[in-house]
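Quick notes on the structure that follows.
The values are calculated or read from the model by the stated rules, or taken from the named source; none is laboratory data. Since the model is a prediction, treat every value here as computed from it, not as a measurement. Reconstructed Cβ throughout: ideal geometry from the backbone, glycine too, with neighbour counts over all protein chains shown. Accessible surface areas use protein heavy atoms only, side chains included; no ligands, DNA or RNA. Shrake-Rupley method; radii C 1.70, N 1.55, O 1.52, S 1.80 Å.
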Amino acid sequence: MFDVLVVGGGVSGMSCALVLGSAKNKSFAADKKIGIFTHQKTSSLQDALFNNAYGIAPGKLGSELLEESTEHLSKAYPHVTQIPDEKVLKIEGQFPEFTVLTNKNSYRTKIIVIGIGSANTFAIEGLMHYVESHQKSLPEKQRIQLKNSDHKVAEGIYVIGTLAGWRSQLAIAAGSGAAVATDILTVWNDGVQTHAHDSIR
């Protein structure tokens with residue numbers, strides 16, 4: 001049983017996993033089992049080129065960033081389970097016990113975070129009734145989002161990045177993923193507002 005499973009290995013998903021992983025030394029997060037589906041083949045980053053992203057050198061390819069992010073997560077936070085090459089097809093159950101079915105396996109988790117982009121090809125059974133038109137995208141692009149309030153779709157289900165209704169911008173997606181990670185850390189910390197970052201002091 002996972003405490004949280006993140007669906008999507010793009011910017012928002014990896015950002016969420018990195019922040020969750022970085023809290024490993026906090027007593028309330030030390031025993032939490034965290035996993036992320038790092039399926040990246042359809043990520044919009046595959047065709048991206050970054051010249052305007054904070055902290056990223058101009059000319060960085062999105063495909064490079066995808067590869068580097070999974071390596072970063074693996075080296076810095078090896079306790080976070082990466083699940084590659086699996087596509088989530090269906091979600092069953094309700095908080096605090098969901099079953100996530102993929103094209104290869106099934107997993108149980110208490111919390112789910114969905115961050116797989118806003119393409120209208122979205123087809124995760126069990127979440128389709130939350131789908132609506134994207135509020136910050138051009139109508140002709142036919143983008144979708146999941147109905148949510150401050151990233152929360154339902155108890156135990158969060159959505160991040162463009163699928164949460166945000167614009168397609170790396171900094172926005174990363175911030176969305178980090179925001180949900182800190183919301184989850186706050187839940188784990190019995191409602192005490194919480195974040196995770198390091199300091200040289």
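Points to keep in mind about this one:
- Of all residues in segment 31-46, those satisfying the criterion of being open to solvent by 70 Å² or more (accessible area, probe 1.4 Å) and either touching a helix residue (DSSP H, G or I) at 6+ places or on another chain (Cβ under 7 Å) or within 16 Å of Ala196 (Cβ to Cβ) (or both) are Asp31, Gln46.
- Test: residue in segment 26-40 that is over 16 Å from the mean Cα position of the chain (by Cα), closer than 15 Å to Ala171 by Cβ and hydroxyl-bearing (Ser, Thr, Tyr): no
Listed here are the residues, each with its yes/no results for (1) in a strand (DSSP E or B); (2) open to solvent by 20 Å² or more (accessible area, probe 1.4 Å); (3) touching a Cys at 6+ places or on another chain (Cβ under 6 Å).
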| position | (1), (2), (3) |
| --- | --- |
| Gly93 | yes, yes, no |
| Thr99 | yes, yes, no |
| Thr109 | yes, no, no |
| Lys136 | no, yes, no |
| Gln145 | yes, no, no |
| Val153 | yes, yes, no |
| Ala171 | no, yes, no |
| His195 | no, yes, no |
| Ile200 | no, yes, no |
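- Only listed residue being in contact with a Gly (Cβ under 8 Å, 6 or more places away or on another chain) and farther than 19 Å from Phe37 by Cα, chosen from Gln135, Gln169: Gln135
- Figure legend. Inter-residue proximity from segment 115-133: first residues under 10 Å from Gln145 (Cα atoms), second residues at pLDDT 95 or above and open to solvent by 80 Å² or more (accessible area, probe 1.4 Å), beta-carbon distance below 6 Å, spacing 6+ or different chains. Indicated pairs: Tyr130/Lys147; Glu132/Lys147.
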